[in-house]
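Asks: Structure below; questions to follow.
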Amino acid sequence: MVVATRLLVAAGILVILAGPAQADSASATGPQGQTLTVSEAALDPAGEEITVTGAGFDAAKGIYVAVCLDKGAGQLATPCVGGVDMSGSSGSSKWISSNPPDYGKDLAMPYTDEGGGKGGFSIRLGVKAKDDIGTDCTAAGVKCVVYTRADHTRSADRTQDVRIPLTFSAGGGSTPSPSSSSSSSPSPSVTPTPVATSSSGDVETQIDAKVEQTPTATPTRRAKLAKTGVDVWTATVVGLAVLAGGGMLMYVGRELRAGARR
């Protein structure tokens, strides 16, 4: 029992000392025996920083290290994510050279001397799945690699080509949920005005007309008469005048008949 307990304790100590599991690294060997290693090859498409190390490279030949679209063995991998880094400040690519032209002395990083004309390097490389100029490692049929190649002073030299395939996890963004909009049934006395939509390029502008409620008024009798073209007041006056005129004529008629009899 005591022995078993001690074994369990020892196993626990080993697990603690081992620490958390590390991301899987990957390596590749070039045509001249040089080796390239990345600290991680399965990456987040939103962007990660990885360590890239090289050993056994020809120290007389400068190289570029970048993430590029793979075109197959023996072919130049191009374009590269992030484009051409002329300032060396983007972190998406590195220029390694122990004998760069004068204009590149402040841009290139020298090899570490391994002896025998060989050199190595260890750099941190910022990797994203896509850039702002159209390079996209997540596009259908596209394969991207961490890639070393001879620099522009020997652009046709394929002896420094070493590549390690990368994978990017699916996703990289949540699907936006449909926007919710409140709706209410219009009251019987309100007629909603349709929404007019106008498009201009990729920008869609909605113009929402306001819905105004007009109170329903009960028309008066005078208003109804007005529709016939005769005002009710005018009709009343004319009617009284006619009645008065008729009465006067009857009175005159009676007086004339009475005078004739006398």
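Bear in mind these aren't lab numbers, they're just calculated from the coordinates by the rules spelled out. On a predicted model such as this, the values are computed, not experimentally measured, just so you know. When we count neighbours, we look across all protein chains shown, and the Cβ atoms used for this are built from the backbone with ideal geometry, even at glycine.
Asks: Only Cα pairs under 8 Å and at least 6 apart count here; give the relative contact order of region 42-91 as a rounded whole percent.
Replies: 20
Asks: How about region 61-149: which trypsin sites (Lys or Arg not before Pro) there lie in a loop by DSSP and see at most 11 other Cβ atoms within 10 Å?
Replies: Here the sparse-neighbourhood loop sites are LYS105.
Asks: Follow-up question, since we're still on this one. With a point put 7 Å past each Cα toward its Cβ, work out how far ARG158 is from VAL84 in nm, to one decimal.
Replies: Taking the simple label geometry, ARG158 and VAL84 are separated by 2.3 nm.
Asks: At 4 °C and 1.567 mPa s, what whole-number value in µm²/s does Stokes-Einstein give for the translational diffusion of region 24-168, with Rh from the Kirkwood sum over Cα pairs?
Replies: Numbers: Rh = 15.1 Å.
For the chosen part, D equals 86 µm²/s.
Asks: Hey, another quick one. As an exercise, identify the chymotrypsin sites (Phe, Trp or Tyr not before Pro) in region 24-126 lying in DSSP coil whose Cβ has no more than 10 other Cβ atoms within 10 Å.
Replies: none
Asks: Given the pairs LYS61/LYS118; LYS105/LYS143; LYS61/LYS105; LYS71/LYS105; LYS94/LYS128; LYS61/LYS143, which are separated by over 21 angstrom at their Cα positions?
Replies: Those over the limit are LYS105/LYS143; LYS71/LYS105; LYS61/LYS143.
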